[in-house]
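Have a look at the structure below before the remarks.
Since every read-out is calculated from the coordinates, none of them should be taken as a lab result. Since the model is a prediction, treat every value here as computed from it, not as a measurement. In this analysis, Cβ positions are derived from the backbone assuming ideal geometry, glycine residues included, and neighbour counts consider all displayed protein chains.
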């Protein structure tokens, strides 16, 4: 099987995106891809295994897969790229999937959910990634179909998200091979939630850096960055929050698909999801506090500047008063006929200004003193 590229190896140019309006008037279950096309060509990877052996295949087309016949206990079929409706139709026929399931797989804006279709479970999850340089959270849809002896996954592009699970299956001493498709479903969900933690840690690190900048140098550019962080955490929370209910529903639902031995592992994933949500709530409070600190800092700086201007104005008011008095056109004015009258008036102005400056300084009105 070809190696999956790095999660951030997706092309930077804008991909073609199918608009929802193309489905207007079509009947339910119509196979039309909605969303961004993130791969040039869809690929199909297949892993089938049991307690003793594992086999891997990589199909470049649906025609190449038609001769395949399963020979092991558990089958894991993964599709990269969802833009080819004919591939979805073929897989739907092979595994007897409901048309509404295929329609939801092709609609990549689905909210995380779980649906019971009798012979299988259909699970929708959101995988998240964080671009450290752009400080952007991106999400993509992961569709999982869990049957008794098979598991299907549909991804918008190769991301390397499930590579650790594949490595565990390839290990010669892997106990995972004997645990069936329900344990494989747990392992994939656990990999999804682990990615949430990685993204959350990256966002937390950047938020702490931003908090230090807000405390020491509040500027209009920081306000834009704070609002950007706020939007990104909202996007992350929108992807993570429904996952708690999805996993909780699987734990409390019918045990046809998840054996009693697997349920403790699902409960562990549920606990991790709750932890992520609580950390996200703390992050939202931190960003809210940063916004309040920024506004307080700006307001305090404005108050200091206004106070400084007021103090300067008050210091020069006596000088204005004295000069105004000596500028009156009376024939008899003190000091007008004296040789040092001018310097006496200037000295009075300077003395009053200096006295007021000292008073303001001692009251710490000329700015903060360390």
**Item:** Inter-label distance, nm, simple model (7 Å from Cα along the C-beta direction), residue 295/residue 326
**Value:** 5.1
**Prompt:** At q = 0.17, 0.18 Å⁻¹, what is the log10 ratio I(q)/I(0) for the range 209-283, with the Debye formula run over Cα points and no solvent?
**Reply:** -0.72, -0.77
**Item:** For the range 219-370, alpha-carbon Rg over 2.2 N^0.38 Å
**Value:** 2.31
**Asked** Hey, any idea what the orientation-averaged projected area of the convex hull of the range 124-174's Cα atoms comes to, in nm²?
**Response** 4.9
**Message:** Order 156-162, 311-317 from most to least packed using the mean count of other Cβ atoms within 10 Å.
**Reply:** 156-162, 311-317
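Output the peptides 103-115, 223-235 sorted from most to least packed, where packing is the average of other Cβ atoms within 10 Å over each peptide's residues. Mind showing how you got there, number by number?
Working: 103-115: 18.8, 223-235: 16.2.
My ranking of the peptides, most packed first, is 103-115, 223-235.
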**Complete:** Rounded to one decimal in nm, the spacing of the 7 Å Cα→Cβ label points at residue 132 and residue 305 is 3.6
**Complete:** Measuring from the longest principal axis of the C-alpha atoms of the chain, the long axis of helix 263-326 (C-alpha) lies at a number of degrees, nearest 10, equal to 10
**Prompt:** Can you give me the Cα centroid spacing of the range 81-138 and the range 211-251 in angstrom?
**Reply:** 25
**Prompt:** Once both axes come from the Cα atoms, what is the angle between helix 220-252 and the longest principal axis of the chain, in degrees from 0 to 90, rounded to 10?
**Reply:** 30
**Request:** Treating the angle as unsigned and between 0 and 90°, give the value, to the nearest 10°, between the Cα long axis of helix 180-216 and the longest Cα principal axis of the chain.
**Result:** 10
**Asked** Regarding the range 85-190, what is the average projected area of its C-alpha convex hull, in nm²?
**Response** 7.9
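Could you work out the Kirkwood radius for the range 17-296, taking every pair of different alpha carbons, averaging 1/r and inverting it, reported in Å?
20.3
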**Prompt:** Taking Rh as the Kirkwood radius, which is the inverse of the mean 1/r over Cα pairs, what is the Rg/Rh value for the range 306-362?
**Reply:** 1.08
**Item:** Spin-label pair residue 63/residue 256, simplified geometry with 7 Å Cα→Cβ offset, distance in nm
**Value:** 3.8
